[in-house]
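**Q** Got a structure here, written out as structure tokens. Questions coming.
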Amino acid sequence: METYDVLVIGAGPGGMTAALYAARANLKVGMIDRGIYGGQMNNTDDIENYPGFTSIKGPDLSEKMYQSTVKAGVNFICGDVQEVTVDSNQWKHIKTDSEELAAKSVIIATGSTNKKLGVPGEEEFSGKGVSYCAVCDGAFFKGKQVTAIGGGDSAISEGLYLANVTNKVNVVHHRDTLRAQQVLQDRAFENPKMNFTWNTIVEKIIGDENHVTGIEVVDTKTNEKKVINTDGIFIYIGNLPNSQLFKRLNITDSAGWILTNDDMETNIPGVFAIGDVRKKRLRQITTAVGDGGIAGQNAYEYVENFN
Ligand code: NAP
């Protein structure tokens, strides 16, 4: 069984930063991910709030971060982590779908995944007009009309991306104000291809045997029900933590977000958590990167005193 000083689970911006810091402290560091490095950055078109770049494509920033980790000597391990346990000597054992590894310290950076609407038709039409990623699927809707559901940063920034690709974007939101950053709101309200349907809940996604054709909605103020025709639905109603795997470690709150202190320490010595999977208020690339630096440095200190 291969052993490491530090194993980082998840190769998003937080995980890559943690791995970079730990490797630069001359530790043996592995970074495990079941997919390509970059996490949600790969689904993001333009990033405009990461200092140093007035604008950069998500996959390009991923690649730059990854190259930093490679240069520092981090070993990228492709694997789907199935179980994490801690033995009586404080070694952390990680079982992936293909191997077993052990480390003195573990940094959890597994992020979050898209919340589902949970309405009839959502699963049935997934990949047939229902999507959670404008950058991945927007091009299929060139010249068509699409709907974005939600009122946060994702719905509005990805709605703006879709407005560039498609003919029209209708943002359907269950309230009458957005929670997205003001700069995104201003841009969206000025964009002639974007319009807004307020106080509206999606009850069902409908379509023919091949593809989505519309959504059945209800107005929360008037109770009026109607069908809105659309070729595609992009759902951006928030995220859920990827923490089911750590349930038995007892490090999450009741909603599954991992609890840490300001040093990114969970209640298990040598187990740190960072980025979107952690309970915190602001989930951004910058905050994931900040968490990663802190955890990488603190993992170094933990490993130095490990015996
Ligand atoms: P979010 O901020 O949690 O917003 C989710 C939106 O969906 C909210 O408007 C929410 O309504 C609505 N919603 C929640 N459940 C719903 C339901 N069942 N039916 C209909 N609508 C529902 O999620 P997000 O926009 O994906 O952003 C996640 C995190 O990533 C945030 O911290 C965000 O700042 C960050 N992010 C940042 C950027 C950027 O800086 N450029 C880009 C993307 C994401 P309410 O408003 O009523 O709660």
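The values are calculated or read from the model by the stated rules, or taken from the named source; none is laboratory data. Not measured: the values here are computed from a predicted model. Note that each Cβ is placed from the backbone with ideal geometry, even for glycine, and that neighbours are counted across all protein chains shown. Remember, those area values only see protein heavy atoms, side chains included, never the ligands or the DNA or RNA. Shrake-Rupley method; radii C 1.70, N 1.55, O 1.52, S 1.80 Å.
**Q** Mind checking the dipole of the chain: about its Cα centre, +1 per Lys or Arg Cβ, -1 per Asp or Glu Cβ, Debye to the nearest 20?
**A** My answer is approximately 420 debye.
**Q** Please list, by residue number, every one of the trypsin sites (Lys or Arg not before Pro) in region 76-151 that is coil in DSSP and has at most 16 other beta-carbon atoms within 10 Å.
**A** Values: sites: LYS92, LYS95, LYS104, LYS115, LYS116, LYS128, LYS142, LYS144; in loops: LYS115, LYS116, LYS128, LYS142, LYS144.
Passing both the DSSP loop test and the Cβ count: LYS115, LYS116, LYS128, LYS142, LYS144.
**Q** If you place +1 on the Cβ of every Lys and Arg and -1 on the Cβ of every Asp and Glu, how big does the dipole about the Cα centre of region 116-235 come out, in debye to the nearest 20?
**A** I would put it at about 260 debye.
**Q** Then there's this: Across bins of 5 angstrom width beginning at 0, how are the C-alpha pair distances of region 116-235 distributed, in whole percent?
**A** Over region 116-235, the share of Cα pairs per 5 Å bin runs 2, 12, 25, 25, 21, 11, 3, 0 percent.
**Q** Right, here's the next one. Holding the Cα-Cα limit at 25 Å, pick out from LYS71/LYS115; LYS116/LYS168; LYS64/LYS193; LYS95/LYS116 the pairs that are longer than that. Display every interim value, and only then the final one.
**A** Values: LYS71/LYS115 35 Å; LYS116/LYS168 23 Å; LYS64/LYS193 33 Å; LYS95/LYS116 28 Å.
Over 25 Å apart, Cα to Cα: LYS71/LYS115; LYS64/LYS193; LYS95/LYS116.
**Q** Still on this structure, please answer the following. Can you give the accessible area of LYS247 in Å² (nearest 10), computed on protein heavy atoms with a 1.4 Å probe?
**A** 150
**Q** Below 8 Å between Cα atoms, with a sequence gap of 6+, how large is the relative contact order for region 116-235 in percent?
**A** Here the relative contact order equals 31 percent.
**Q** Run lengths n ≥ 4 of DSSP H only: what is the helix-derived mean residue ellipticity at 222 nm for the chain, with -39500 (n - 2.57) per run over all residues, to the nearest 500?
**A** Values: 6 runs with 73 residues, N = 307.
Mean residue ellipticity, 222 nm, calculated: -7500 deg cm²/dmol.
**Q** Right, next: Count the DSSP beta bridges whose two residues both fall in region 116-235, then state the antiparallel fraction as a percent rounded to the nearest 5. Working shown, then result.
**A** On the way: 12 of 28 bridges.
Percent antiparallel among DSSP bridges in region 116-235 is about 45.
**Q** What order do LEU245, LEU160 take when sorted by accessible area (1.4 Å probe), most exposed first?
**A** Reading off the accessible areas and sorting them downward yields LEU245, LEU160.
**Q** Something else now. Pop a pseudo-label 7 angstrom from the Cα along the beta-carbon direction at both THR113 and LYS71 and give the gap in nm to one decimal.
**A** 3.4
**Q** Kindly give Rg over Rh for the chain, based on alpha-carbon atoms, with the Kirkwood expression for the hydrodynamic radius.
**A** Radius of gyration over Kirkwood radius for the chain works out to 1.03.
**Q** Can you give the FRET efficiency to the nearest 0.05 for LEU245 and VAL86, using r as the Cβ-Cβ distance and R₀ = 22 Å?
**A** Step by step, r from the Cβ atoms, then E = 0.95.
**Q** With a 10 Å radius around each residue's Cβ, average the other Cβ atoms per peptide and rank 5-13, 24-32, 225-233, 179-187, highest first. It would help to have the intermediate numbers written out before the result.
**A** Working: 5-13: 29.4, 24-32: 21.4, 225-233: 17.6, 179-187: 15.0.
Top of the packing list down: 5-13, 24-32, 225-233, 179-187.
**Q** How big is the Cα convex hull of region 1-117 in projection, averaged over all directions, in nm²? Before the final figure, lay out the partial values.
**A** On the way: hull surface 34.2 nm².
For region 1-117, the mean projected area of the Cα convex hull comes to 8.5 nm².
**Q** May I ask you to derive the FRET efficiency for ARG34 and GLU123 from their Cβ-Cβ distance with R0 = 25 Å, giving the value to the nearest 0.05?
**A** On the way: r = 22 Å, r/R0 = 0.87.
After rounding, the FRET efficiency stands at 0.70.
**Q** If you take the beta carbon distance between THR3 and GLU301 as r and set R0 to 22 Å, what does 1/(1 + (r/R0)^6) give as a FRET efficiency, to the nearest 0.05? Write down the numbers at each step before the final one.
**A** Values: r = 19 Å, r/R0 = 0.86.
That pair, THR3 with GLU301, gives E of 0.70.
**Q** Using θ = phi - 60° and the Karplus curve 6.51 cos²θ - 1.76 cosθ + 1.60, what whole-Hz ³J(HN,Hα) does each residue of region 219-225 get, with Gly and Pro shown as x?
**A** Once rounded to whole Hz, the list reads 7, 6, 8, 9, 6, 6, 9.
**Q** Still on this structure: Could you tell me which of ASN114, ALA22, PHE246 has its Cα farthest along the dipole of the chain towards the positive end, charges placed at Cβ (Lys, Arg +1; Asp, Glu -1), taken about the Cα centre?
**A** So the residue furthest toward the plus end is ASN114.
**Q** Between region 110-162 and region 256-286, how many Å separate their Cα centres?
**A** With region 110-162 and region 256-286 each reduced to a Cα centre, they are spaced 27 Å.
**Q** Here's something else I'd like to know. Name every cysteine in the chain that ends up alone, with no second cysteine's Cβ under 4.7 Å, or say none.
**A** CYS78
**Q** Near the amide H of ILE206, under 5 Å away, which other amide H atoms are found, from residues 5 or more places off or on another chain, if H is placed in the peptide plane?
**A** HN-HN under 5 Å from ILE206: THR213, GLY214, ILE215, GLU216.
**Q** Name the residues whose placed amide hydrogens come within less than 5 Å of the amide hydrogen of SER112, ignoring near sequence neighbours (fewer than 5 apart) on the same chain.
**A** The list, which skips near neighbours in sequence, is ASN242.
**Q** Please list, ordered by chain and number, the residues whose modelled amide H lies under 5 Å from the amide H of THR252; skip anything fewer than 5 residues away on the same chain.
**A** LEU259
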